[in-house]
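Data block below; observations after.
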Amino acid sequence: MDKNDFQVWQQEKAKELFTYSHKLLDAAKELSESHLAEIQWSIKNATESAKSAAKNDLAKLRDLQEAAAKEATKRAAVYQKKVKSVLKQLGEDAADETEKHLEKVRSSLVGWLEDAESKMPGHADKLSKVVHEMSTAGQKMFKEGRRIVNQVADAAERNVEEHLKKPAASKKKPK
């Protein structure tokens, strides 16, 4: 790699890092806005509870606490989905970039081997074929691993949602 090619490569990498850092900043901003909304809701709820406690209105305080617990459960589910969505998008973007770079490496390796084949003695074509098949298999394994990770994450989310629904159902039965 000559000096100009190296500089071009460095510029490409700098642009990629800059773009990815902006994606991370956007994700942080989105999550921060959600955090702020939750903090504001918690402050409002705490203020109302403190006012009821100060007035010694225990019935209203109990009602506020029950309503706040229900609302907190709903808000937690919404927040969980938002965080999952942001993280999933970041993960997919990172996996896409990784896959793109793996493909570049694989094609460079294959190109180098094809070029080297003519210069290597004897059974170099067999070595080239083995390396080509191994790199193709590695690329397929990466894609399959990515698919499996997404399936496991989706299954875990479904299990959490089912688990959250069960206590709510069991609390309703005694009433």
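Taking the Cα centre of the chain as the origin and placing charges on Cβ (Lys, Arg +1; Asp, Glu -1), which of Gln89, Asn150, Ala54 is farthest toward the positive end of the dipole?
Ala54
Size of the dipole of the chain about the Cα centre, Lys and Arg at +1 and Asp and Glu at -1 on the beta carbon, nothing else charged, in debye to 20?
So the dipole magnitude of the chain works out to roughly 1440 debye.
What lysines could a cross-link reach from Lys15, if we take a straight Cα to Cα line under 20 Å and drop same-chain neighbours fewer than 8 places away?
Of all the lysines, those that pass the test against Lys15 - Cα under 20 Å, at least 8 places apart if same chain - are Lys3, Lys23, Lys100, Lys104.
Net charge within 12 Å of His101 by Cβ-Cβ distance, Lys/Arg positive one each and Asp/Glu negative one each, not counting His101 itself?
Surrounding charge for His101 is -2.
Given the C-alpha centroids of the range 1-76 and the range 148-165, what is the distance between them in whole angstrom?
22 Å
Express the relative contact order of the range 17-172 as a whole percentage, based on alpha carbon pairs under 8 Å and six or more residues apart in sequence.
18 percent
Read the figures in this text as sums done on the coordinates, not as results from a lab. Not measured: the values here are computed from a predicted model. Cβ coordinates were reconstructed from backbone atoms using ideal geometry, including for glycine residues, and neighbour counts include every protein chain displayed.
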